[in-house]
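Values quoted throughout were computed directly from the atomic coordinates according to the rules given, and no laboratory measurement underlies them. This structure is a prediction, so every number in the text was calculated from the model and none was measured. Cβ atoms come from the backbone with ideal geometry, glycine included; neighbour counts cover every protein chain shown.
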Amino acid sequence: MTSPAAADLLAKLRVHGAVPRHVAIIMDGNGRWARERMLPRPLGHRGGMKAVREVVEGAIEAGVEVLSLFAFSQENWQRPAGEVSALMSLLEEYIQKEADELDEQGVQVRMLGELDRLTPPALKAVERVMAQTAHNTKMRLNLFISYGSRAELTRAARLIAEDVAAGRLTPGQVDEAAITSRLFTADCPDPDLLIRTSGEQRISNFLLWQVAYTELFISAVLWPDFGRRELYEAILDYQNRDRRFGRVPA
């Protein structure tokens, strides 16, 4: 439910300027949130799951076209086995609980990353929600699972090399468009706004190619406490930016 404070911010951003078409978020702080409350780390991830719903609904209300959430990195596979197992179970639970609601809200869900590394039950759930919501057009929700940007760029380079070796592409045809078309986000606009929660100030191997001209917003709020109000504050801040893309002001 939208709080009065969030509703006020939503009204302001609707008249203040253009809403970013594509918002990406590095969801950080679940572990710290749990530690501060002397709770097991998996309960921090569960708290983060509630924040996902808040932000998805807030993005729909604001008119965002694409919302990208960094849910599970390739590096996360190196965490303790118990935590990884809990994260996979949480992914299944999220899909089971939210798939019908996301479908009713007109959200198209896409899971992006090296999905073949997921556990069979998690992969089955991922494939189910993507198929169920494939026809929706209200907003696209990208959930990056088992994702790393360097691996994504390496994959794109390998695909280009294979096409050149097979004669489908000449070296002279290898340009930015050739790389972009081979990324997981080939059919999405680049993010206009990248939000990172928990106060950390790094990209963490997320969408390195795509965020070349993206506006960055660092929120001190830990992810489980991040909601509509914090999302709208970030969008309002974005609306005050002067995006020049390397050019001089008009």
If one builds a Gaussian network model of the chain from Cα atoms under 10 Å apart, the most fluctuating residue listed among Arg14, Arg229, Arg168 is Arg168
Connecting every pair of Cα atoms under 10 Å apart in the chain and solving the GNM, the largest mean-square fluctuation among Leu69, Leu90, Leu159 falls on Leu159
Bounding extents of the stretch 21-239 in its principal axis frame from Cα atoms, largest first in Å, are 58, 42, 35
Expected vector for the stretch 134-143, Karplus 3J(HN,Hα) from phi with 6.51, -1.76, 1.60 and θ = phi - 60°, integer Hz, x for Gly and Pro, equals 4, 7, 6, 9, 5, 7, 9, 10, 9, 10
Residues whose built amide H sits under 5 Å from the amide H of Ser73, excluding neighbours closer than 5 in sequence, are Ser146, Tyr147
For the stretch 134-250, the Cα-Cα pair-distance distribution in 10 Å bins from 0, as whole percents, is 11, 32, 33, 17, 6, 0
Only helices counted: for the chain, with every DSSP H run of 4 or more residues adding -39500 (n - 2.57) and the sum spread over all residues, [θ] at 222 nm is -15000 deg cm²/dmol
Output ordering of 198-210, 127-139 (per-residue mean of other Cβ within 10 Å, highest first) is 198-210, 127-139
Under the rule rounded for a/c under 1.5, else prolate if a/b exceeds b/c, else oblate, using alpha carbon gyration tensor axes a ≥ b ≥ c, the stretch 1-63 is classed as prolate
Inter-part gap, Cα centre of the stretch 106-136 to Cα centre of the stretch 173-210, in whole angstrom, is 20
Rounded to the nearest 0.05, FRET efficiency between Glu101 and Ala134 (Cβ-Cβ, R0 22 Å) equals 0.85
Once Ser89 and Glu75 are pulled to full extension, the length gained, defined as 0.36 nm per residue separation minus their Cα-Cα distance, is 3.2 nm
